1. Taking only the alpha carbons of the chain, what extent do you get along each of the three principal axes, in Å, biggest first?
2. Once both axes come from the Cα atoms, what is the angle between helix 54-66 and the longest principal axis of the chain, in degrees from 0 to 90, rounded to 10?
3. Based on Cβ point charges of +1 for Lys and Arg and -1 for Asp and Glu, what charge dipole magnitude is obtained for the chain about its Cα centre, in debye rounded to the nearest 20?
4. Run lengths n ≥ 4 of DSSP H only: what is the helix-derived mean residue ellipticity at 222 nm for the chain, with -39500 (n - 2.57) per run over all residues, to the nearest 500?
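Every read-out reported here was derived from the displayed coordinates using simple, explicitly stated rules and does not represent laboratory data. The model shown is predicted, which means the values in this text are computed figures rather than measured ones. Note that each Cβ is placed from the backbone with ideal geometry, even for glycine, and that neighbours are counted across all protein chains shown.
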Amino acid sequence: MFMMPAREGACETCATAHEPHLPHNAQSIFYSIRFQAEHGRAPTWIDAMAHCSDEMRALWTKALTDRGVDVAGGKIVAARESN
């Protein structure tokens, strides 16, 4: 599969502007397609944080979990509340 490169100044992995020590954007379509092509499955926040320090992973995991994202379960968005 051929993909256009990320725009200049953006992360080459997720096409989002972020500092190298921060996680990739697990919700980025660019990241999702690239990861799926390389690994044969959808990415998770755990994948997006794999290159981060233990402290950064803990910080992001807590923040995402506090917002309703089941990080350990492989989700990338919060579960919708049923009304």
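1. Principal-axis extents of the Cα atoms in the chain, largest first: 40, 29, 22 Å.
2. Value to nearest ten degrees: 60.
3. Once rounded to the nearest 20, the dipole reads 240 debye.
4. Taken over the chain, the calculation gives -9500 deg cm²/dmol.
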